Amino acid sequence: MYAVRLWSVRHARALELAYRGLERVLVAVHPWISRIGYARLERPVAAVEKSLKGLFFDCRMCGACALSSTGMSCSMNCPKSLRNGPCGGVRENGHCEVKPEMVCVWVEAWAGARRMEGGMKILAVQPPVDHRLKDSSSWLRVAREKSGEGAKP
Ligand code: SF4
């Protein structure tokens, strides 16, 4: 929901802390996840992730979450699906040229990034979306990556 998306960007610092906490938990439970099986947990975890991130960020479950690098503003809400922005069409009031009723997703991203401790990650160029990851859990991917197991599509 648009209003909640704006709230999330205004509270980017608090969400950054929450994300870091989630990462620590995911790494801590990695041994159990491995025992149960990542594949077996994929569907239930993705379902929880989709509903929570859908509420706070209008998440599209791209499978390669970049929220912590885009000021808690999900770039998949950009009508041009830009993974690195903004485009040149941002209006003077900061709104989107394609959807003028909406603040540019990337204007929001930079505003959120300024509020975050690790906000300057926004300067890193994001790779294009890997559509094979669509609807898969980014949380489980983080758990694997941060536990040194490496991500698997
Ligand atoms: S103005 Fe912003 S949200 Fe709109 S298309 Fe350009 S980058 Fe995307």
Self-check item: Accessible solvent surface per residue of the chain, calculated while the other protein chains remain in place, 1.4 angstrom probe, Å²
Solution: 55 Å²
Exercise. For the chain, count the residues as N, evaluate 2.2 N^0.38 Å, and divide the Cα radius of gyration by that value, please.
Key: 1.05
Practice problem: Return a whole-number percent for the relative contact order of the chain, with Cα pairs under 8 Å and 6 or more residues apart as the contact set. | Solution: 34 percent
Quiz prompt | Value at 222 nm in deg cm²/dmol, rounded to 500, when DSSP H runs of n ≥ 4 in the chain each add -39,500 (n - 2.57) | solution = -16000 deg cm²/dmol
Quiz prompt | Charge sum, other residues only, whose C-beta stays under 14 Å from Phe57's C-beta, Lys/Arg counted +1 and Asp/Glu -1 | solution = +1
Exercise. Name the residues whose placed amide hydrogens come within less than 5 Å of the amide hydrogen of His95, ignoring near sequence neighbours (fewer than 5 apart) on the same chain.
Key: Cys104
Self-check item: Rounded percent of accessible protein surface that carbon and sulfur make up, region 2-146, 1.4 Å probe
Solution: 61 percent
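The values are calculated or read from the model by the stated rules, or taken from the named source; none is laboratory data. No experiment lies behind these values; they were computed from the predicted model shown. Cβ: placed from backbone, ideal geometry, glycine included. Neighbour counts: every protein chain shown. Heavy atoms of the whole protein, side chains included, go into the accessibility calculation; ligands, DNA and RNA do not. Shrake-Rupley method; radii C 1.70, N 1.55, O 1.52, S 1.80 Å.
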